[in-house]
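Take a look at the structure below.
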Amino acid sequence: QVQLVESGGGLVQPGGSLRLSCAAAGFFFSSHIMTWYRQAPGKERELVAGISPGGSTNYADSVKGRFTISRDNAKNTVYLQMNSLKPEDTAMYYCNVFRNGRDYWGQGTQVTVSS
């Protein structure tokens, strides 16, 4: 059974940093692309960043140069380091894996950027 558990969200001032974690279980983690999505109130869920099994990464234009996705295959965990946070980064952040023809999601972790 696939399980994704996000943590690390919170309230941070503009310009601050947060590090999100997603602990995965129930599948062969190191062979799957892992992604972070976010959804702000009233908006559609959007892709933030993704990382391949080999470590190749891609980012939404809105977060390039500020966010860094990484993975630790020994710990079955994917991270999202978020720097220079802006109010528009406020959203629920979700970890995702696509496996056997379907998407799996964690419960999400809330990130709020406000002074």
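The values are calculated or read from the model by the stated rules, or taken from the named source; none is laboratory data. In this text the structure is predicted, and so the values were computed from the model without any measurement. Every residue, glycine as well, gets a Cβ built from its backbone with ideal geometry; the counts of neighbours run over all protein chains shown. SASA here: full protein model, heavy atoms, side chains in, ligands and nucleic acids out. Shrake-Rupley method; radii C 1.70, N 1.55, O 1.52, S 1.80 Å.
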Checking A24 against (1) open to solvent by less than 80 Å² (accessible area, probe 1.4 Å); (2) within 14 Å of E88 (Cα to Cα), the condition it does not meet: (2)
Tell me, yes or no, whether region 71-79 has at least one residue that is of a type in the set (G, A, S), more than 21 Å from V12 (Cα to Cα) and free of Cβ contacts under 8 Å to residues at least 12 places away in the same chain. yes
Give all pairs with beta carbons closer than 7 Å in which a residue from region 10-32 that is at positive phi meets a residue that is aliphatic (A, V, I, L, M) and outside any strand (DSSP E or B); count only pairs at least 6 apart in sequence or on separate chains. G15/L85; G26/V2
G15 fails exactly one of (1) touching a Lys or Arg at 6+ places or on another chain (Cβ under 9 Å); (2) of a type outside the set (K, R); (3) surrounded by 13 or more Cβ atoms within 10 Å (Cβ to Cβ), namely (3)
Any idea which residue in region 81-104 is least open to solvent (accessible area, probe 1.4 Å), counting only those that are within 21 Å of F28 (Cβ to Cβ) and not in a strand (DSSP E or B)? G101
E6, sole failed condition from (1) acidic (D, E); (2) loosely packed, with under 13 Cβ neighbours inside 10 Å; (3) closer than 16 Å to L80 by Cα: (2)
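Go through region 99-115 and give me each residue that's out of contact with any Ser or Thr (no Cβ under 8 Å at 6 or more places or on another chain) and hydrophobic (A, V, I, L, M, F, W, C).
Selection gives W105 alone.
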Quick one: would you say S31 is more than 12 Å from the chain's Cα centre (by Cα), at pLDDT 95 or above and surrounded by 13 or more Cβ atoms within 10 Å (Cβ to Cβ)? no
